Amino acid sequence: MAFGLATAAAVLAAVFGVYPLLDRADSPVVQSVEVAPDAGTGSGADSAGSTGVGGGEVPDGAATLDDDIPAITGLDPDLRAAVEEAAADAAAHDIDFWVTSGWRSLAYQEQLLDEAVQEHGSLEAARRWVSTPELSAHVTGEAVDIGPTEAAYWLIQHGTDYGLCQVYSNEIWHFELLTKPGGTCPPMKDGAAG
Ligand SMILES: [Zn+2]
């Protein structure tokens, strides 16, 4: 059953072009990775101006909840614990599960938005995929992006067991802790991204 759903999801993703969007919009996979001098030590307000790993970039676009990098250590502790629990359960079902983006500095979020404007041609178009530093829940450590696509679909199905909710209808990978375990997620937002 799970395989059937995953296959259907993969077909839908292929048809609607979710894979390229994943790469372009919200995942640092396609970006070059520069290890900042303060990598591993920055988090929160102390490194608001950092970019690279120190600003929350995820090397190679995939981190685990144990990784000692600001993208993970800068997460809200309750969110981190919830995602860690989900990751363990996903692993028990043989599903690869990793964090493609977590905490981001103000400067890194601005960089992502600038890159999206370049790619999509306008701020309005870019905002569908990347939020501003002022509004992004990544900057406050209250959002994670999950990969690969199979893991994102698994978490869409099971996230409420951990209080985790998909927030934006156009971002299957972006989750926030918006309910209690077993609770109900708020209606999804259609449009401006996280
Ligand atoms: Zn996100």
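Each value in this text was obtained by applying a stated rule to the coordinates, not by laboratory testing. It should be emphasised that the depicted structure is a prediction, and the values quoted were computed from it without experimental measurement. Don't worry about glycine lacking a Cβ; one is built from the backbone with ideal geometry, like all the others, and counts go over all protein chains shown.
Shape analysis of the range 123-194 yields a ratio of the Cα radius of gyration to the Kirkwood radius, Rg/Rh, of 0.97. Here the range 126-194 is assigned +1 on the Cβ of each Lys and Arg and -1 on the Cβ of each Asp and Glu. Its dipole about the Cα centre then comes out at about 140 debye.
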